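Below is one structure; the comments refer to it alone.
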Amino acid sequence: MRTESILLTGGLGFIGSHTAVALKNHFKQIVIIDDLSNSVMNNYYRLKSLVGDCLILYKADIASQNVIDKIFLSHNIKAVIHYAGLKAVGESIIFPAKYYYKNVYSTKLLFEVLKKNKITNLIFSSSATVYGKPLYLAIDESHPVKAINPYGQNKIDIEQMIFNDPYFQEQCSVKILRYFNPIGAHPSGLIGDDPKGIPNNIMPIILKVATQEHQELKIFGNDYQTHDGTGIRDYIHIMDLVEGHVKALDYNKKGIIVFNLGTGKGFSVLDLINTFQEVNKVKIPYSFVERRSGDVDMVFANPDRAKTTLGFEALRSLQSMCFDAWNFVKKK
Ligand code: UD1
């Protein structure tokens, strides 16, 4: 009989919700705390239909001490995955103080609660954005970190908070996961990437063009040093990404360890559009515009550490990412 539960902060978001499905049979209860700042209740009902009664939602901010205390009193929480945070890069440049408060300060409060409750298995949801402009490719975990925007700095600050804390160093197993570009959706089409407001990342924008809510995709730059002039990224299927989380949770060695979660392969914006059109038989009109400030030619992971240490490898294809992403939108 399973007696242990897990807490997912920000568990109604894109990555958290897919993780909840992947953890369905691993814990007695999957407890989510989410303030719905980038989600809606309908996402919870859909998730509940996939996960079932073991899914429990607390609608609150992670800085709500009374709610957090109640969660630890009411559930036998043994592991925590910390996703909650704001993630719009552009917004972080306009409102850096808000980003610092919601991402860094709130995490500090959360970590105090984790220590009080002697949580020893923690995953922190970081991002490949911490690497800034790549100094070499493929990017391994030893690549220096350098933020190019406040959002990236928030992720670095939180990583540093973990590295510098004797409790995490000596008594815990902390896994810092640096994601490359997660896209796709659960094959049921019930959950997927559903950002509130105007999306920033490429796949949600392609989907809006596919549904004709947006007229066309504006491709940021066609003069990069790549095979077709458009930017190259390491797209990883969300279902692969969450399998990486499951493996990281099971890896219980003491200490703090960083893992890249990516495929190790790069695809350009035009590769992505062409694949999406071919697989889904939908036209994606586009035009070229100026480069976006802060963008780089090419980013892709060296995923070896996750493979050798966790036995994790992201194998789903770009075709499958495009198919599942569109399937989610068609079923909405
Ligand atoms: C962006 C963020 C990064 C964040 C990551 C995941 C910036 C500068 N970087 O990275 O900090 O960690 O998202 O949330 O915002 N593209 C277009 N047209 C669009 C949108 C994107 O051509 O309308 C291109 C981009 O130039 C890039 C690729 O598509 O080449 C992927 O873009 P995106 O999904 O925003 O991810 P990143 O640029 O990797």
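The values are calculated or read from the model by the stated rules, or taken from the named source; none is laboratory data. Everything numeric in this text was worked out from a predicted model, so none of it was measured. Ideal geometry is used to build each Cβ from the backbone, glycine not excepted, and the neighbour counts take in all protein chains shown. Quick note on the areas: whole protein, heavy atoms, side chains included, nothing else; ligands and nucleic acids left out. Shrake-Rupley method; radii C 1.70, N 1.55, O 1.52, S 1.80 Å.
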* For the stretch 31-132, restrict the atom set to alpha-carbon positions and state the Rg and Dmax in Å. => 14.7, 41
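With +1 on each Lys and Arg Cβ and -1 on each Asp and Glu Cβ, and nothing else charged, work out how big the dipole of the stretch 50-122 is about its Cα centre, in Debye to the nearest 20. Display every interim value, and only then the final one.
Details: 10 positive and 5 negative charges, 39 e Å.
That gives a dipole near 180 debye.
May I ask for the Rg/Rh ratio of the stretch 203-255, computed from Cα atoms with Rh as the Kirkwood radius, given to two decimals? Could you put the intermediate results ahead of the total?
Working: Rg = 17.6 Å, Rh = 14.5 Å.
A ratio of 1.21.
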* **Heavy-atom accessible area order for 46, 291, 305, 178, largest first, 1.4 Å probe** => 291, 305, 46, 178
* **C-alpha center-to-center spacing [the stretch 298-324, the stretch 117-146] in angstrom** => 16
* **Signed unit charges on C-beta, dipole axis of the stretch 166-239, positive-most listed residue 176, 222, 195** => 176
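Using unit Cβ charges (K, R positive; D, E negative) and no other charged atoms, how large, in debye to the nearest 20, is the dipole of the chain about its Cα centre? Don't jump to the answer; show the numbers that get you there.
Working: 38 positive and 32 negative charges, 156 e Å.
In debye, rounded to 20, the chain gives about 760.
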* Structure fact -> Counting only protein heavy atoms and leaving out ligands, DNA and RNA, the solvent-accessible surface of residue 315 at a 1.4 Å probe, in Å² to the nearest 10, equals 130
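Anything over 20 Å Cα to Cα? Flag those among 133/196; 87/115; 115/175; 24/70, in the order listed. Before the final figure, lay out each step's value.
Details: 133/196 28 Å; 87/115 26 Å; 115/175 16 Å; 24/70 22 Å.
Cα-Cα > 20 Å for 133/196; 87/115; 24/70; rest within.
With a 1.4 Å probe and all protein chains left in place, how much of the accessible area of the stretch 229-293 comes from carbon and sulfur atoms, in whole percent? List each step's numbers first, then the result.
Numbers: 1380 of 2770 Å².
The nonpolar share, carbon plus sulfur, comes to 50 percent.
At 1.4 Å probe radius, can you tell me the per residue accessible area of the stretch 1-137 in Å²?
44
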* **For the stretch 80-87, Karplus couplings with θ = phi - 60° (6.51, -1.76, 1.60), whole Hz, Gly/Pro x** => 9, 10, 9, 9, 3, x, 8, 9
* Structure fact -> For the stretch 193-300 (alpha-carbon point model, no solvent) the Debye-based log₁₀ I(q)/I(0) at q = 0.12, 0.15, 0.18, 0.23 Å⁻¹ works out to -0.52, -0.76, -0.99, -1.35
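Taking every DSSP beta bridge with both residues inside the chain, roughly what % is antiparallel (nearest 5)? Write down the numbers at each step before the final one.
On the way: 2 of 44 bridges.
Bridges in the chain that DSSP calls antiparallel: roughly 5 percent.
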* To do: Taking the dipole about the Cα centre of the stretch 230-332, with the C-beta of Lys and Arg at +1 and of Asp and Glu at -1, give me whichever of 312, 268, 248 is farthest to the positive side.
  => 248
* Protection proxy ranking, peptides 237-246, 217-226, 167-176, average beta carbon neighbours within 10 Å, highest first -> 237-246, 167-176, 217-226
* Hey, what do the phi angles of the stretch 255-270 turn into as Karplus ³J(HN,Hα) couplings, whole Hz, using 6.51/-1.76/1.60 and θ = phi - 60°, x for Gly and Pro? -> x, 10, 9, 9, 10, 6, 10, x, 9, x, 10, x, 10, 7, 4, 5
* Structure fact -> Excluding ligands, DNA and RNA, the carbon-plus-sulfur percentage of the accessible area of the stretch 1-129 with a 1.4 Å probe reads 56
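Under 15 Å from the Cβ of residue 154, count the other residues' Cβ atoms, weight Lys and Arg +1, Asp and Glu -1, and hand me the total. Show your work: numbers first, answer last.
Numbers: positive: 87, 98, 102, 108, 146, 155, 178; negative: 91, 157, 159.
Cβ neighbours under 15 Å give a net charge of +4.
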* To do: Provide, for q = 0.10 Å⁻¹, the log10 of I(q)/I(0) from a solvent-free Debye sum over equal Cα point scatterers in the chain.
  => -0.56
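Using 0.36 nm per residue, how much length does the chain from residue 133 to residue 40 gain when fully extended, once their Cα-Cα distance is taken away? Let's see the in-between values first.
Values: separation 93, 0.36 × 93 = 33.48 nm, distance 3.41 nm.
Gain on stretching residue 133 to residue 40: 30.1 nm.
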